[in-house]
Amino acid sequence: LQRFKFSPDGRWLAFHEQTNLGRNVYTLPVAEAATPTEIATQAEMVGWTPDGNGILLTRGRDTTSELFLQAVSNGKAVSAPSIVQAVPEFQGWPLAVTSSGSLLYSKENETTDRLVAELDLNSGTIGKTVISQPARGLEASGPGFSPDGRRVLFVLPRERLLIRSLENGSEHTMLPQMKTLDRVEWAADGASLLVSGVGKDGKTGIHRVDPRS
């Protein structure tokens, strides 16, 4: 059972479950042994309405979801689900429906920065920020210092790489000829980069990339 919710009167349990054709929503009586009743296909359970006469559902459309209301009676659908026009796009993780009919949901809005800052090794105090760049997330790559410590490498969104000189502050951005990037490291001589991922030829492996070209 996934995202199961009890009806306001406690008589019914609604949930969605993964099938070979997608997720479907079902109801099940609480007080007796019974087979689940399917009330909606290609949908996910959100919650019961406060009066217990409806169940809120979401259905995917392209990259977004739409919110629907499915009328129910005695645990069965009594009509086709109707779209909730007030919510043209629904993005989030449903939590609960309050007794007043408000939908509570959570959304992720994660942003990550990578910083290079001065450090006093004696006191462990971090000083002023030297470089600040947005990051794709907390994956394994970077910031990566070149073997001579004169350059620093950042992995940017959309498979781009940024190399900054710590001597004069100059920067240049490059777009490796690869389909995807997984991890980027400096080669031991500092003259090239070692990039794991999928190359333009569709092959997965470790690729050597010239940071100048």
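Looking at G75, G60, G54, G22, can you tell me which residue is under 28 Å from K107 (Cα atoms) and over 29 Å from the mean Cα position of the chain (by Cα)?
Working: G75 fails: under 28 Å from K107 (Cα atoms); G60 fails: over 29 Å from the mean Cα position of the chain (by Cα); G22 fails: over 29 Å from the mean Cα position of the chain (by Cα).
Going through G75, G60, G54, G22 in turn, the sole match is G54.
Could you tell me whether L153 is open to solvent by less than 50 Å² (accessible area, probe 1.4 Å) and either polar (S, T, N, Q) or within 24 Å of the chain's Cα centre (by Cα) (or both)?
Working: open to solvent by less than 50 Å² (accessible area, probe 1.4 Å): yes; either polar (S, T, N, Q) or within 24 Å of the chain's Cα centre (by Cα) (or both): no.
Criteria not met by L153.
Pairs please, first residue from the stretch 145-163 and closer than 12 Å to P134 by Cα, second anywhere and of a type in the set (G, A, S) and surrounded by 15 or more Cβ atoms within 10 Å (Cβ to Cβ), Cβ atoms under 6 Å, 6+ apart in sequence or on different chains.
Pairs that qualify, where the first residue is closer than 12 Å to P134 by Cα and the partner is of a type in the set (G, A, S) and surrounded by 15 or more Cβ atoms within 10 Å (Cβ to Cβ), are F154/G142; V155/S141; V155/G142.
For L104, work out the one condition from (1) open to solvent by 40 Å² or more (accessible area, probe 1.4 Å); (2) within 21 Å of the chain's Cα centre (by Cα); (3) over 30 Å from S7 (Cβ atoms); (4) at pLDDT 85 or above it doesn't fulfil.
The failed condition is (3).
Give the stretch 67-89 a look and list any residue that's outside any loop (DSSP other than H, G, I, E, B), closer than 27 Å to G10 by Cβ and not polar (S, T, N, Q), or say none.
Going through the stretch 67-89, the residues outside any loop (DSSP other than H, G, I, E, B) turn out to be 67-73, 76-77, 82-83.
Restricting the remaining residues to those that are closer than 27 Å to G10 by Cβ gives 67-73, 76-77, 82.
Correct list: L67, F68, L69, A71, V72, K76, A77.
Could you check how many residues of the stretch 112-136 are over 24 Å from R150 (Cβ atoms) and open to solvent by less than 60 Å² (accessible area, probe 1.4 Å)?
Going through the stretch 112-136 one residue at a time, the tally reaches 2.
Given the conditions (1) open to solvent by 30 Å² or more (accessible area, probe 1.4 Å); (2) at pLDDT 85 or above, report the number of the one that G205 does not fulfil.
Exception for G205: condition (1).
Kindly establish whether N109 is polar (S, T, N, Q) and either modelled with pLDDT under 80 or exposed (fewer than 11 other Cβ atoms within 10 Å of the Cβ) (or both). Show your work before the answer.
On the way: polar (S, T, N, Q): yes; either modelled with pLDDT under 80 or exposed (fewer than 11 other Cβ atoms within 10 Å of the Cβ) (or both): yes.
Taking the combined requirement at face value, the residue satisfies it.
Going by the structure shown, is A71 of a type outside the set (K, R) and in contact with a Ser or Thr (Cβ under 6 Å, 6 or more places away or on another chain)? Give the derivation first.
On the way: of a type outside the set (K, R): yes; in contact with a Ser or Thr (Cβ under 6 Å, 6 or more places away or on another chain): yes.
Spelling it out, A71 is indeed of a type outside the set (K, R) and in contact with a Ser or Thr (Cβ under 6 Å, 6 or more places away or on another chain).
Please specify each residue of the stretch 36-82 satisfying the condition of being of a type in the set (S, T, N, Q), free of Cβ contacts under 8 Å to residues at least 12 places away in the same chain and at positive phi. Write out each step before concluding.
Here is the first cut: in the stretch 36-82, the residues of a type in the set (S, T, N, Q) are 37, 41-42, 49, 53, 58, 63-65, 70, 73-74, 79, 82.
Subsequent filtering for residues that are free of Cβ contacts under 8 Å to residues at least 12 places away in the same chain retains 63, 74, 79.
If the condition is that a residue be of a type in the set (S, T, N, Q), free of Cβ contacts under 8 Å to residues at least 12 places away in the same chain and at positive phi, then N74 is the only one that fits.
The values are calculated or read from the model by the stated rules, or taken from the named source; none is laboratory data. Keep in mind the model is a prediction, meaning the values are calculated, not measured. Cβ: placed from backbone, ideal geometry, glycine included. Neighbour counts: every protein chain shown. SASA here: full protein model, heavy atoms, side chains in, ligands and nucleic acids out. Shrake-Rupley method; radii C 1.70, N 1.55, O 1.52, S 1.80 Å.
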